[in-house]
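Notes to accompany the following structure.
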Number of protein chains: 2
Amino acid sequence: MPSSPLAPGATIGILGTGQLGRMLAMAAARLGFRVETFGPEQDPPAAHAAAAHMSADYEDEGALGAFAQNVDVATYEFENIPTKTVSILKAAGVPVRPDERVLAVCQDRLEEKRYFEKAGVPTAPIWPVENAEDLAAAMREAAGPAILKTRRFGYDGKGQVRLKPGDDPKAAFEACGGVPSILEGFVDFDFEVSLIAARGLGGYAAFFDIPRNTHRDGILHQSHFPSGLPKEAVDIAHRTAKAILDDLSYVGVLTIEFFWSKASGLIANEMAPRVHNSGHWTVEACDTSQFEQHIRAVAGWPLGRPRRHSDGVMTNLIGAEAGDWPALSAEPGLALTLYGKGEARPGRKMGHTVVLTAQSP
Amino acid sequence: MPSSPLAPGATIGILGTGQLGRMLAMAAARLGFRVETFGPEQDPPAAHAAAAHMSADYEDEGALGAFAQNVDVATYEFENIPTKTVSILKAAGVPVRPDERVLAVCQDRLEEKRYFEKAGVPTAPIWPVENAEDLAAAMREAAGPAILKTRRFGYDGKGQVRLKPGDDPKAAFEACGGVPSILEGFVDFDFEVSLIAARGLGGYAAFFDIPRNTHRDGILHQSHFPSGLPKEAVDIAHRTAKAILDDLSYVGVLTIEFFWSKASGLIANEMAPRVHNSGHWTVEACDTSQFEQHIRAVAGWPLGRPRRHSDGVMTNLIGAEAGDWPALSAEPGLALTLYGKGEARPGRKMGHTVVLTAQSP
């Protein structure tokens with residue numbers, strides 16, 4: 001694995017072809033890199049901003065072998081990439097950053113919670129659930145509202161069922177797919193925040209300013225910056241991230257979501273080994289965006305300065321909301337980003353807006 | 001020619017495949033458009049950030065016909081595009097913005113100077129030169145240092161010869177290619193500035209803040225913003241641009257370079273029917289970049305707010321200077337843009353840096 005920085009003109013492979021891959025591809029191109037995307041779709045959003053695209057299944061060994069010939073380093077835009085994909089690329093001599101250790105943690109909610117505990121940060125109370133009987137017992141212990149979450153492959157509120165005492169454990173377990181899950185006790189919190197952190201190949205870490213996030217129907221709605229999080233809580237978030245980044249010898253951007261309340265302080269919720277929807281505003285409001293920061297880390301470059309120069313708010317455009325583009329495009333000072341997706345299905349992330357409201361000293 | 005705004009998902013064709021096309025492609029992708037680039041190179045910088053690329057000569061009618069099938073509107077990144085190319089696309093039903101009227105002006109230095117005069121703004125004294133005898137006479141009238149410039153296809157100091165009284169007109173005319181030219185008298189100026197203006201399909205015009213430009217070896221070296229240009233001169237620049245934009249029913253970004261001195265005021269130098277090197281800093285320092293502004297105009301969208309939020313300086317990386325990327329990438333707060341060009345030939349624009357030095361109220 002080369003530890004010297006990747007020279008401009010080299011090719012960065014991106015596994016995954018959605019809006020995160022698209023914005024990573026643009027950031028890489030800006031630094032002079034070629035990008036080749038990889039994923040099953042024929043004409044996906046990320047490929048529109050990349051030099052080349054390979055359309056193949058994530059476990060297609062032949063295609064991955066050819067991809068490995070084309071790229072100097074690889075990264076990914078989502079945590080549910082098969083670990084086998086990473087192994088095949090590494091066996092072909094391609095560094096994959098961040099490496100597969102973090103996938104084992106992030107692909108399993110139970111592992112993730114245990115990892116937070118190891119890092120010394122509180123989490124919501126959780127109970128492992130293998131079957132309906134486990135769930136019944138866990139519901140009794142929780143003794144209040146709780147959420148059943150599948151251990152693997154959940155995002156944006158999918159693979160989750162809200163439960164209250166008296167609900168039928170068997171029906172709930174089946175509604176959630178009948179797969180290994182966790183029951184998570186409700187946490188009283190004032191608001192949710194996220195820390196977008198990065199660690200370079202040399203071990204240096206950098207943190208973006210923390211936004212405050214609001215949700216609708218389980219999907220991120222807005223990120224407000226600054227968050228209003230007290231400095232002591234920010235320090236705890238930084239220490240938690242630094243411990244996890246160093247423990248995993250992590251290279252790239254890592255996002256950690258936290259709940260915060262005045263009563264309970266900071267509680268870790270989940271993490272994602274990638275750039276994050278709640279960090280899209282870094283493009284408009286920071287010296288370095290989360291996308292460039294990730295590319296810098298993956299390329300072995302020094303991390304960029306994450307200084308935030310403006311206050312503001314990022315708002316997601318979900319499903320049909322993107323149809324408001326004629327009005328949005330006419331709003332003075334509103335930065336509109338659309339992802340080039342064809343069909344505006346309900347719940348689908350189609351784009352986002354950023355409005356800067358004031359300058360930050 | 002449709003006057004309703006182009007919907008995201010539509011395809012914008014870009015003629016020309018250098019760094020300007022590359023940055024236009026990124027801006028278009030950000031707004032959700034597909035981009036197809038067109039130009040003779042096989043694997044040029046702009047194609048790395050576009051959904052598709054057609055490699056063909058600018059006068060290849062078959063290729064242009066196929067390109068016309070793929071794109072909803074077309075634009076270009078350079079003023080030396082053959083007017084025939086534009087005619088072929090228009091005949092195939094594709095709107096080309098800005099249209100060919102401005103090309104006739106910008107492809108001929110003599111026409112350009114006459115156009116400035118028509119707009120009521122002073123230019124340097126000029127003499128048309130068809131042969132060595134014309135040049136000898138013009139040099140006598142100039143009676144001081146002057147520059148011989150070919151009328152067509154000159155940029156970045158190419159096709160120019162500096163002359164002083166006593167120089168041999170015949171040798172100079174031949175050194176400049178023996179083609180129709182102009183002799184331009186020297187203008188005493190304190191500094192050079194450029195106005196990056198835009199006009200939308202509906203006729204509304206918007207102006208970016210004016211930078212002050214310095215050159216090295218006839219190539220732009222730095223653009224400083226703000227420029228320090230007095231408000232009266234800014235007003236004249238705006239009036240000049242508005243007159244030209246409206247006269248041409250212009251759609252897109254138009255750049256005008258001016259000389260300024262306390263003694264003589266504002267003198268128009270040249271114009272370019274496109275985004276401009278001296279406006280690259282708008283990406284980092286403005287609400288809307290010059291690239292997005294051009295795409296908005298070409299797509300029939302409302303123009304974006306050009307507000308500048310920061311002071312700073314843009315510096316070009318010419319030829320081997322781009323080899324400094326390891327040091328540049330480590331400079332805190334320096335925004336580095338590299339164009340993905342292979343060979344760092346002397347005089348070739350390889351990238352640029354932007355440093356924001358202060359916030360602007």
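Quick rundown of the values:
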quantity	calculated
Subset of the stretch B:307-320 [farther than 14 Å from residue B:196 by Cβ and either part of a loop (DSSP other than H, G, I, E, B) or within 16 Å of the chain's Cα centre (by Cα) (or both)]	B:309, B:316
Residue tally, condition assigned to a loop (DSSP other than H, G, I, E, B), at pLDDT 95 or above and facing another protein chain (nearest Cβ under 7 Å), over the stretch A:333-358	2
Failed item, numbered, when residue A:204 is tested on (1) surrounded by 14 or more Cβ atoms within 10 Å (Cβ to Cβ); (2) in contact with a Leu (Cβ under 8 Å, 6 or more places away or on another chain)	(1)
Some residue of the stretch A:297-306 being within 30 Å of residue A:41 (Cα to Cα), assigned to a loop (DSSP other than H, G, I, E, B), over 17 Å from the mean Cα position of the chain (by Cα) and not assigned by TED's automatic domain parsing to the domain that holds residue A:20	yes
Checklist (1) more than 30 Å from residue A:6 (Cα to Cα); (2) more than 8 Å from chain B (Cβ to nearest Cβ) applied to residue A:280, failing item	(1)
Residues that are buried (at least 23 other Cβ atoms within 10 Å of the Cβ), farther than 24 Å from residue B:330 by Cα and of a type in the set (Gly, Ala, Ser), drawn from the stretch A:17-60	A:21, A:39, A:46, A:47, A:49, A:50, A:51
The stretch A:29-46, subset over 18 Å from the mean Cα position of the chain (by Cα) and in contact (Cβ under 8 Å) with a residue 40 or more places away in the chain, residue farthest from the other protein chains (Cβ to nearest Cβ)	A:33
Residue tally, condition at negative phi and touching a Gly at 6+ places or on another chain (Cβ under 9 Å), over the stretch A:12-23	7
Residues satisfying the stated conditions in the stretch B:1-28, i.e. within 9 Å of chain A (Cβ to nearest Cβ) and either part of a helix (DSSP H, G or I) or of a type in the set (Asp, Glu) (or both)	B:22, B:23, B:25, B:26
Sole residue being within 20 Å of residue A:243 (Cβ to Cβ), away from every other protein chain (no Cβ under 14 Å) and surrounded by fewer than 24 Cβ atoms within 10 Å (Cβ to Cβ), chosen from A:316, A:269	A:269
Pair list, Cβ under 8 Å, 6 or more apart: the stretch B:84-109 residue over 20 Å from residue B:37 (Cβ atoms) and in the same structural domain as residue B:272 (by TED's automatic domain parsing), other residue among the acidic types (Asp, Glu) and buried (at least 16 other Cβ atoms within 10 Å of the Cβ)	none
Boolean, residue A:61 is among the charged types (D, E, K, R) and either at positive phi or touching a strand residue (DSSP E or B) at 6+ places or on another chain (Cβ under 9 Å) (or both)	no
Residue in the stretch A:319-332 that is nearest to residue A:33 (Cα to Cα), counting only those that are touching a Leu at 6+ places or on another chain (Cβ under 8 Å) and more than 7 Å from chain B (Cβ to nearest Cβ)	A:322
Matching residues in the stretch B:221-241 - criterion: being of a type in the set (D, E, K, R) and either closer than 16 Å to residue B:314 by Cβ or touching a strand residue (DSSP E or B) at 6+ places or on another chain (Cβ under 9 Å) (or both)	B:232
Conditions (1) without any contact (Cβ under 8 Å) to a residue 60 or more places away in the chain; (2) small (Gly, Ala, Ser); (3) assigned to a strand (DSSP E or B); number of the one not met by residue A:206	(1)
Residue in the stretch B:155-166 that is without any contact (Cβ under 8 Å) to a residue 40 or more places away in the chain, closer than 24 Å to residue B:265 by Cα and aliphatic (A, V, I, L, M) present	no
Residue within the stretch B:71-79 that is closer than 22 Å to residue B:198 by Cβ and at pLDDT below 95 present	yes
Criterion: over 24 Å from residue B:25 (Cβ atoms) and in contact (Cβ under 8 Å) with a residue 40 or more places away in the chain - qualifying residue of A:270, A:284, A:321	A:270
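Residues checked against (1) assigned to a helix (DSSP H, G or I); (2) over 19 Å from residue B:258 (Cα atoms):
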{"position": "B:137", "(1), (2)": "yes, yes"}
{"position": "B:152", "(1), (2)": "no, yes"}
{"position": "B:166", "(1), (2)": "no, yes"}
{"position": "B:172", "(1), (2)": "yes, yes"}
{"position": "B:178", "(1), (2)": "no, yes"}
{"position": "B:184", "(1), (2)": "no, no"}
{"position": "B:189", "(1), (2)": "no, no"}
{"position": "B:195", "(1), (2)": "no, no"}
{"position": "B:201", "(1), (2)": "no, yes"}
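The values are calculated or read from the model by the stated rules, or taken from the named source; none is laboratory data. Just so we're clear, the structure is a prediction, and the values are computed from it rather than from any experiment. Counting neighbours? That spans all protein chains shown, and the Cβs are built from the backbone with ideal geometry, glycine included.
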